[in-house]
1. Placing unit charges on C-beta atoms (Lys and Arg positive, Asp and Glu negative, everything else neutral), compute the dipole magnitude of the range 9-49 about its Cα centre in debye, rounded to 20.
2. What are the lysines whose alpha-carbon lies under 26 Å from the alpha-carbon of Lys59, with same-chain residues fewer than 8 places away excluded?
3. Using a 7 Å offset from the Cα along the Cα-to-Cβ direction at both Trp194 and Arg25, what is the distance between the two label points in nm, to one decimal?
4. Less than 14 Å apart at the alpha-carbon level, and either on another chain or at least 8 residues along: which aspartates and glutamates does that give for Lys112?
5. Classify the range 126-209 as rounded, prolate or oblate, taking a ≥ b ≥ c as the square roots of the eigenvalues of its Cα gyration tensor: rounded when a/c is under 1.5, otherwise prolate if a/b is larger than b/c and oblate if not.
6. What is the percent carbon and sulfur in the accessible area of the range 79-171, measuring with a 1.4 Å probe over the protein chains and ignoring ligands?
7. ³J(HN,Hα) across the range 133-147 via Karplus (A = 6.51, B = -1.76, C = 1.60, θ = phi - 60°), whole Hz, x for Gly/Pro?
8. Could you name the aspartates and glutamates in cross-link range of Lys107, using Cα to Cα under 16 Å and dropping any fewer than eight places away on the same chain?
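The values are calculated or read from the model by the stated rules, or taken from the named source; none is laboratory data. All figures in this text were calculated on a predicted structure; none of them were measured in a lab. Every residue, glycine as well, gets a Cβ built from its backbone with ideal geometry; the counts of neighbours run over all protein chains shown. For accessibility, only protein heavy atoms count, side chains too; no ligands or nucleic acids. Shrake-Rupley method; radii C 1.70, N 1.55, O 1.52, S 1.80 Å.
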Amino acid sequence: MLWPWKGGGTASGESLAGQLPGIGRMLHAEKMRVNGVDLQLKISAVNADFPLLLSWLAKMFRSENLQSAGGSVKVAYKVGRQVERWLLVDGGPGKPVTLFLIVAPEKLPEAKEWPEELPELPAGAVPVQVVSFPGRKAVYGSFRNAGSEPSNLFRSLSAALKLAGWKSLGNEAEQPDGGTGGIFLGQNPRRILWANYGSNGSGIYYSRPY
């Protein structure tokens, strides 16, 4: 949801989320910290057909505010000095649409400190985004510029985690192609880790207690 803001498009003096057709009560709110900035994630149900919502969004916003992909659509528009971002996900026929909402600064600072809960960055990699969820003690980190093939990066991580006592749930690193990601369980402390590497030197780690 926090892709770089390019500016322009529709602006508003207040949030437009309350005008969404079929918007219901808030289901969940959670504190989060992104690159050192405290934010809040809000989740609500929208009792309207997804095509109807797409039509409403097209009338309310300019095209540069919208990004559609399959059964979801992203919305970003300026509210005062902040940017309000929505992610609307289709629940399927007869089911509500889920709205994820975050209000954030126009530009977030660069990530600086890499969390100790996550594996060390690969050689040459630079952190892009670090997100923590204090309520669930979960941490997410993304990076770029890792200087090796995804399968090589994943094999190295898998070997290091195995030496540290972690267990791979799928043994993807032992497959002929080496794999590009997988899930690991640690016993001390008891945490679950998901790791995935992209073909362009990018990668993500996510870890939380279990």
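1. Values: 4 positive and 4 negative charges, 29 e Å.
Dipole about the Cα centre, nearest 20: 140 debye.
2. Lys6, Lys42, Lys74, Lys78, Lys95
3. Label at Trp194, label at Arg25, 2.9 nm between them.
4. Glu120
5. oblate
6. Values: 2780 of 5380 Å².
Roughly 52 percent of what the probe reaches on the range 79-171 is carbon or sulfur.
7. Along the range 133-147, the couplings run 10, x, x, 10, 6, 9, 9, 10, x, 10, 8, 9, 6, 5, x Hz.
8. Straight-line reach from Lys107, under 16 Å: Asp38, Glu84.
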